[in-house]
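Read the figures in this text as sums done on the coordinates, not as results from a lab. Quick caveat, the model's predicted, so the values are computed rather than measured. Here the Cβ positions follow ideal geometry from the backbone for every residue, glycine too, while neighbour counts run over all protein chains shown.
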């Protein structure tokens with residue numbers, strides 16, 4: 001398949017992730033949709049890397065995976081902290097950042 | 001053959017992504033994301049990114065998703081479908097349903113824009129099949145190739161990523177730790193039978209600090225036991 005097909009799939013996945021981030025209320029699902037957006041970006045990076053026959057895009061994809069793992073770690077830690085403080089696990093209810 | 005595999009994997013990728021967005025239960029969303037990641041690894045293999053595909057399966061679909069499953073099992077949370085939220089008929093009334101519909105419309109516009117930018121581009125190589133590929137032990141995308149790049153040309157990036165992981169691990173522990181370790185805890189009674197085998201007055205931290213009076217040494221009540229085990233185990237049970 002030509003590279004354009006992979007890019008189309010990556011655009012669709014990215015947009016689906018954007019829909020989820022903007023419409024879901026559960027922060028866990030928002031984090032999952034953020035992963036979807038990062039995966040769409042990863043697919044585009046690897047497709048372009050294949051297009052040029054150059055490994056830099058794959059290295060960047062691995063770095064993106066690392067950053068995604070860090071983001072999951074921090075995000076899930078925040079959700080567990082919210083749960084411990086008996087705050088609602090809901091992005092509509094969480095409107096203020098004061099501790 | 002590769003076209004058939006591409007379409008199967010692409011359908012898996014997109015349906016997994018749709019499942020993440022529309023499924024009601026967060027646990028099923030996590031499972032849909034696992035299916036999405038496995039299909040995406042197939043696409044990476046088709047793009048000859050073997051090492052990245054392996055990392056995707058092992059690290060992402062393995063480790064990170066296990067973390068998600070644990071947190072979903074611990075926290076849970078209310079599930080809601082996308083359609084309900086768009087119509088604003090959830091448990092909390094029509095809060096921001098117009099904004100959510102607007103968000104979906106913005107994401108649709110984003111998709112159109114991305115497709116125009118990616119597919120309507122003037123780059124002719126986008127319509128090609130990629131650069132030439134010669135198989136071999138050090139070919140493009142193999143672990144040897146990636147390792148050589150990571151440890152020579154991208155050494156600084158590699159080290160920075162490891163620092164970032166360390167900082168995130170420390171931050172995750174700090175964020176999710178138990179605050180105010182002597183607080184009210186309704187799970188302490190579950191551990192109280194474990195303390196019955198231990199003789200009274202054998203030096204818990206609470207006794208040493210004088211928080212539990214040693215007056216009732218003869219027949220310790222269950223409430224004292226529960227309070228004691230709370231003090232002992234309150235620091236790290238949930239970590």
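Annotations for the structure displayed:
- By other beta-carbon atoms within 10 Å, ranking B:36, A:86, B:138 with the fewest at the front produces A:86, B:138, B:36.
- Centroid-to-centroid separation of the range B:111-151 and the range B:1-43 [C-alpha atoms, Å]: 22 Å
- Shielding of B:23-35 by partner chains, average beta-carbon count, 10 Å: 3
- Residue exposure proxy: B:1, A:22, ordered by other Cβ atoms within 10 angstrom of their Cβ from fewest to most, comes out as B:1, A:22.
- Model label zone, residue A:85; criterion: amide N under 17 Å from point 7 Å along Cα-to-beta-carbon; scope the range A:13-35: A:27-28
- Multiplying the residue separation of residue B:11 and residue B:109 by 0.36 nm and removing their Cα-Cα distance gives an extension gain of 33.1 nm.
- Summary value for the range A:3-84: 29 percent relative contact order, contacts being C-alpha pairs under 8 angstrom separated by 6+ residues.
- Taking B:50, A:96, B:113, A:71 and counting other C-beta atoms within 10 Å, the order from fewest to most: A:96, B:113, A:71, B:50
- Distance in nm between pseudo-label sites at residue B:66 and residue B:2 (7 Å out along the Cβ direction from Cα): 3.4 nm
- Label-zone membership for the range B:126-144, site residue B:58, 7 angstrom Cα→C-beta point, backbone N under 17 Å: B:141-144
- Inter-chain Cβ neighbour count for A:39-52, averaged per residue, equals 6 (cutoff 10 Å, partner chain atoms only).
- A simple spin-label model places pseudo-atoms 7 Å from Cα toward Cβ; at residue A:64 and residue B:164 they are separated by 1.2 nm.
- Efficiency of FRET between residue B:119 and residue A:94 - r from beta-carbon atoms, R0 56 angstrom, step 0.05: 0.90
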